[in-house]
Structures are given as structure tokens and as C-alpha cells.
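Participant: Quick one: this structure, given as C-alpha cells, is what I'll be asking you about.
Every number in this text was worked out from the coordinates using simple rules, so none of it is lab data. Note that the structure is predicted; figures quoted are calculated from it, not measured. For neighbour counting, all protein chains shown are included, and Cβ atoms are generated from backbone atoms with ideal geometry for every residue, glycine included.
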Amino acid sequence: MTSSRRITYTSTAADPEFRATFDRELGAVRSRFPLRLGGLVGQGPVERERSHAVRSPIDTRWTIAEVAVATPNDVDSAIGFARAAFPGWRAMGWERRVEILSAAAEKIASRNLELAAWMVFEVGKTRLEAMAEVEESADLLRYYAERMATNHGYRRLLARMSPAESTESVLLPYGVWAIVAPFNFPSALAAGMIGGALVTGNTVVFKPALDAPISGELLARALWEGGVPRDALQLVQGGAEVGSQLVNEPRVAGVAFTGSSTVGMSLLRDAGRDWPRPMVVEMGGKNAAIVTGTADLEAAAEGVARSAFGFGGQKCSACSRIYVEDTVAARFTELLVARARSAVVGDPSAGDPTLGPVIRARSVESFRRYVDGIREGGGRILAGGEVLEEGERGFGYYVSPTVATLPRRDHPYFSEEMFLPIVLVERVAALDEAIALANAAPYGLTAGLFAGEAREVQRFFDGIEAGVLYVNRRSGATTGAWPGINPFGGWKASGAPGPAALGPDYLLKFLREQSRTVNGFEAI
Ligand code: UN1
């Protein structure tokens, strides 16, 4: 089913009609538990006696999918098929690929409710966050198709050394890309990487996260239905072993990965060991919001709460540190604490909580460890700090949105990505001090500023070391990037250099240049 109401990351409330339609879809999806998935190697799914049971983080009694995990042989075959498909897909020409990717975007859009409903059960997103992500996935394909078309397939005639000689610059695909996606944006981050690779003429072996195989497989189905040849987009389900086989395989020409910095860094070290390979790597963040004395504090508290607690803080772009000027610190903290305390934590398939569960038992353990660590470090928990286990919530992974302080600015928690709804608040005397502290973390993905004066905004732009900046954004202090609107790429430890995802030049990451100098004939 389709919902025509367009939901984005800035949407705040679901109207009753949307809620009723979404409820029906959740019911329809629930009646299909467990969904049987087996990826796609060659033309068909992998079938196995043994499968991996995927349980919902909302309630672990629900087995929502049974997944046949790819064996080393399956991975090997998938790479073989994608490699064999490469010459044909490349030769098809960009105009046709643009049409196919655009058709796939419409397939996604036409079943946005179904994809979002599965995502709610699979990773515990709220309905609005899941719908927004599905819409973003469709827009990513549309946008990258548009970039390919606007650049006329990246062929340009260059200057001539002599009248007889002409040179053309042509940007060409590399071959097979391994695409390894994370659980937290299982559709959009996968769609972005796959869309970028495919529209430019590469073929793909895609591995969704082990915790989020459904969104990955449904996305791949939309792409096949849109016209992507099955061989050109192979799908292997599985965990770290499958991923590591893929990226260490010499027939894989390029690797695109979004996920933790530990995995991303080892990938950067290993995958380029024997020869230079293009790597598209997006890693974590420790994103700061700065609130100055001139800021609209209501807007700041709302923007920070949405970015710190939305989807349980499980976003690379989540806000996890706040530097607030002394003059407004008490009032701002009071407003933020009130928002944390009034946030509703619960089953997103049953209602409209502020946030649902975190993804797995290990996330709850690490939440406990961080809360204990804050207390042991002499810090204070101003709101939250609890694991919520009473009643039905005892069957899922629920923690409360947490606002805390620490006595030492060099405490490792100011630099460590937690991927949890925990935000640290620190007072500062002035904006420059806040910028210096924000820059002290190794990461540099997103950053937010709430301020009332233009010179403060300029100071922030001039000094902050992060790739994605937001000023006075009530809908999200550090989150909510949209294709074609907010290019999204990390600096420093957050990502590999090069053009940002969601931006006008992202496709360059999947292309290599060939210059063609010809004497006697015209190059084109
Ligand atoms: C992430 O933060 O993990 O900006 C990915 C956003 C989305 C997804 C970002 N485009 O909120």
C-alpha cells in the first residue's frame, strides 16, 4: 500500500488518518511473520536447512524473519555473477540506467507503508522515522539518477593541443562493488550506496546488517522490479564473516561501507593493502551542539532532544554532546531535562512513542555500563539513566533518554561514540571555547549551533571541524540530512575523504577517469 502523505525527518506528528492506515499495514505485516529470506545468488534465493532467526527488539518473543545465511561458496558465486554482469550493465548506457533507477524509486514509493512497517518491527523505529527513511531511500535513487543525467553521463570534451588532436574525459565505473550496510538506516544508507554504485555502471554485491536483513532484502526487490538485472545486484545475507570475505576478495573492485569506526578503520587498513581500491567509508560521530547566550532556548532544547533521543541515539549523526554558554546553561538544561523526562519510551508498533527500543541486548548492557561509568566518574545523571524492564517492556530492549554531566572535560565519554540516547551537557564561558571542545573529539560528522547573531554563525562556520553543519534547526540539531539538500560526509575519524553522500558530487566516488586523446578523428 501507498501513503501519499510525504513524511520527512522534519515531520513531528502523525495525523489520525495516517495512523489508522499505518496500523492496518502493521497488522498485514505481522500476519506474515516470520518472513523467509535468502538473499539472491545468481537468479534465486539461497536455501539452507539452518537459518538465522531475527527477533524484534520491540519484543523478542516475535520472530519476524528466518534468514538463510550465505556460505563462503554463495559469496564466491555472487561475486562471480556480479562480475559477469558488469560489461553488459556498463554498456547499457547511463540513460537507460537512469530510467531503471528512477523506476526503482517509484517501486519504493509505491510500497512505502509496507517497507516502513517492516522496519518498525525490524529495528524498532517509530512510524514517522521509518516512513521518512523509506521516502529518503526513494529520493536518494531519484537524486543520483538526476545527477547522472545532469552531468550527461560524465563525458566532457577538453582543450586541444593542436587542431588535429582532440581529448575527451570520460568517467567510468570500476566493476563489482561490495556494499556493506548498517542496521540503523537499513534502507536509506543501503539505497544511497547501491544507487551510487549502480547508476554509474558498477555492479553490486550487497550485504545488509545481520540485525536488519528484511529492509535490505525488500529494498533489493524494489530495485530488481524497477529493472536492475538480478546479476547486477546480488544479495548475500549474513554477519561479519560474510562482510569480511566480501571486502577481502580480489575480484571486488570497490568497497562501500557505513558502520562503526572499528570496522571501517580495519577495512581502510586491509582492503587497500595490495593495490589501491576505491573505498566509500562512513563511520561514527560524537556530534556536538553549541548553545549560545543569544539562542532561542526552546528551539535548542527541541532540536537537541530530537537529535539525541530520536531512534534511541542510534545514528552516526546523533547529538551526544552539548556545549552551552554559562548565562543560559541552567535554563537550557532545565528545558532539555523536561523533554527527556516527558519522552515516552515504548512499542512503536502499538502507538507513537518518542522512541522505541534499542537494537539488541548488548546495547542495553553498554547503556548500563555508561550510566555506571558516568556516576563513577563523579558525573550526574540529570534525567533518565534507567533500563525499563517492567511489564511488556521486559521482553524488549528499552532504556530511558538520559541527560548527564561529567566533571572532567577530558573524560573519554566526551570522545567515545555510544550509539545510545545519552547526551552530555557541559558549560562554557564563550563560543570559541565551545568550538575548541567540540573539535577535541576525533570525529567530525555533524555539528549544530543555536545562536541569535550572524557573527556567531560565521564564527561557528569558520572554526568547526565537521562535515555537516546545522544552525538553529528545531527539527534536529545534528540530524535529518536529505538528498539534494544536506550533503552528508564526515571529516576526521568520521569518514574517508571525498565528496559527501546526498550531495551533488557523490557519484564521483564510484567513477574513475579516463582521458581519451585521439589524432585524426573527433573524440566523440
Ligand atoms: C546516520 O546518522 O546514521 O541525516 C545516517 C539523517 C539521515 C541518516 C543519517 N539522512 O538523519
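Participant: I need the peptides 192-201, 151-160, 279-288 ranked by packing, meaning the mean over residues of other C-beta atoms within 10 angstrom, with the highest value on top. Write out the running numbers ahead of the final one.
Facilitator: Numbers: 192-201: 28.0, 151-160: 13.3, 279-288: 26.0.
In decreasing order of mean packing, 192-201, 151-160, 279-288 become 192-201, 279-288, 151-160.
Participant: Right, another one. For a test of the definition: using alpha carbon positions, the gyration tensor, and the 1.5 limit on a/c, classify the stretch 415-457 as rounded, prolate or oblate.
Facilitator: Because a/c hits 1.5 or more and a/b exceeds b/c, the stretch 415-457 counts as prolate.
Participant: Antiparallel versus total DSSP beta bridges in the stretch 135-289: what percent is that, nearest 5? Numbers along the way, then the final one.
Facilitator: Numbers: 3 of 19 bridges.
So the antiparallel bridges amount to about 15 percent of the total.
Participant: Further, regarding this structure: Compute and list, largest first, the equivalent-ellipsoid semi-axes of the stretch 54-171 from the alpha carbon gyration tensor, each √(5λ) rounded to a whole angstrom.
Facilitator: 41, 21, 11
Participant: Next up: Would you mind telling me the antiparallel percentage of the DSSP bridges in the stretch 371-524, rounded to 5? Intermediate results must be reported in sequence, preceding the final value.
Facilitator: Working: 7 of 14 bridges.
About 50 percent, rounded to the nearest 5.
Participant: Could I ask something else about it? So what does log10 I(q)/I(0) come out to for the stretch 83-136 at q = 0.18, 0.21, 0.27 Å⁻¹, using the Debye formula with one equal point on every Cα and no solvent?
Facilitator: Debye output, listed in q order: -0.67, -0.73, -0.92.
Participant: While we're on this one: Could you work out the helix-only [θ] at 222 nm for the chain, with each DSSP H run of four or more residues adding -39,500 (n - 2.57) and the total divided by the number of residues, to the nearest 500 deg cm²/dmol?
Facilitator: Theoretical 222 nm ellipticity from helices: -12000 deg cm²/dmol.
Participant: Relative contact order of the stretch 414-507: what whole-number percent is it, with Cα pairs under 8 angstrom and at least 6 residues apart?
Facilitator: Details: 129 pairs, mean separation 23.3, N = 94.
The value is 25 percent.
Participant: What shape does the stretch 157-296 have by the C-alpha gyration tensor, where a ≥ b ≥ c are the square roots of the eigenvalues, rounded means a/c under 1.5, and otherwise prolate means a/b greater than b/c and oblate the rest?
Facilitator: Note, shape of the stretch 157-296 comes out oblate.
Participant: Highest mean first, how do 235-245, 431-441, 85-95 rank when packing is the count of other Cβ atoms within 10 Å averaged over residues?
Facilitator: Listed from highest to lowest mean packing, they are 235-245, 431-441, 85-95.
Participant: Cα-based count: Lys pairs in the chain below 24 Å, eight or more positions apart or different chains?
Facilitator: 12
Participant: If you look at just the Cα atoms of the stretch 362-447, how large are its Rg and its Dmax in Å?
Facilitator: 14.4, 47
Participant: Once phi is turned into θ = phi - 60°, what whole-Hz ³J(HN,Hα) does the Karplus curve with 6.51, -1.76 and 1.60 give for every residue of the stretch 312-325, x standing for Gly and Pro?
Facilitator: For the stretch 312-325, the Karplus-derived couplings read x, x, 8, 10, 4, 9, 4, 8, 10, 9, 10, 10, 10, 5 Hz, x marking Gly and Pro.
Participant: Next question, about the same structure. Mind checking which of 64, 518, 89 is farthest towards the positive end of the chain's charge dipole, using Cβ charges of +1 (Lys, Arg) and -1 (Asp, Glu) about the Cα centre?
Facilitator: Farthest towards the positive end: 518.
Participant: Using the Cα centre of the stretch 4-160 as the reference point, and only Cβ charges (+1 on K/R, -1 on D/E), how large is the resulting charge dipole? Debye, rounded to the nearest 20.
Facilitator: Approximately 500 debye in magnitude.
Participant: Let me ask something else. Go through 336-344, 169-177, 9-17 and give me the packing order, highest mean Cβ count within 10 Å leading.
Facilitator: 169-177, 336-344, 9-17
Participant: Need the C-alpha centroid separation for the stretch 1-41 versus the stretch 326-397, integer Å.
Facilitator: 26 Å
Participant: Please list the equivalent ellipsoid semi-axes of the stretch 415-499, computed as the square roots of five times the alpha-carbon gyration tensor eigenvalues, in descending order and whole angstrom. Write out the running numbers ahead of the final one.
Facilitator: Numbers: eigenvalues 74, 55, 39 Å².
Computed over the stretch 415-499, the values are 19, 17, 14 Å.
Participant: Also: Contact order normalised by length for the chain, with contacts defined as Cα pairs under 8 Å and 6 or more residues apart; what percent is it?
Facilitator: Numbers: 1229 pairs, mean separation 93.2, N = 524.
Once divided by the residue count of the chain, the mean separation gives 18 percent.
Participant: Could you tell me which residue out of 382, 51, 214 lies farthest along the dipole of the chain toward its positive end? Charges go on the beta carbon: Lys and Arg +1, Asp and Glu -1, centred on the Cα centre.
Facilitator: 51
Participant: Here is a further query. Give the average over all directions of the projected area of the C-alpha convex hull of the chain, one decimal, in nm². Can you show the working numbers first?
Facilitator: Working: hull surface 100.9 nm².
Hull-based average projected area comes out at 25.2 nm².
Participant: List the chymotrypsin sites (Phe, Trp or Tyr not before Pro) in the stretch 477-524 that DSSP assigns to loop (not H, G, I, E or B) and whose Cβ has at most 14 other Cβ atoms within 10 Å. Which are they? Intermediate results must be reported in sequence, preceding the final value.
Facilitator: Numbers: sites: 488, 491, 506, 510, 521; in loops: 521.
Taking the stretch 477-524 and a limit of 14 other Cβ atoms within 10 Å, the loop chymotrypsin sites (Phe, Trp or Tyr not before Pro) found are 521.
Participant: Looking at the chain, what % of its DSSP beta bridges pair antiparallel, to the nearest 5?
Facilitator: 40 percent
Participant: Starting from the Cα gyration tensor of the stretch 12-102, take the square roots of the eigenvalues, sort them a ≥ b ≥ c, and report rounded, prolate or oblate (rounded when a/c is under 1.5, otherwise prolate if a/b is larger than b/c, else oblate). Walk me through the intermediate numbers first.
Facilitator: Values: a/c = 3.66, a/b = 1.37, b/c = 2.68.
Judged from the Cα gyration tensor, the stretch 12-102 comes out oblate (a/c at least 1.5, b/c at or above a/b).
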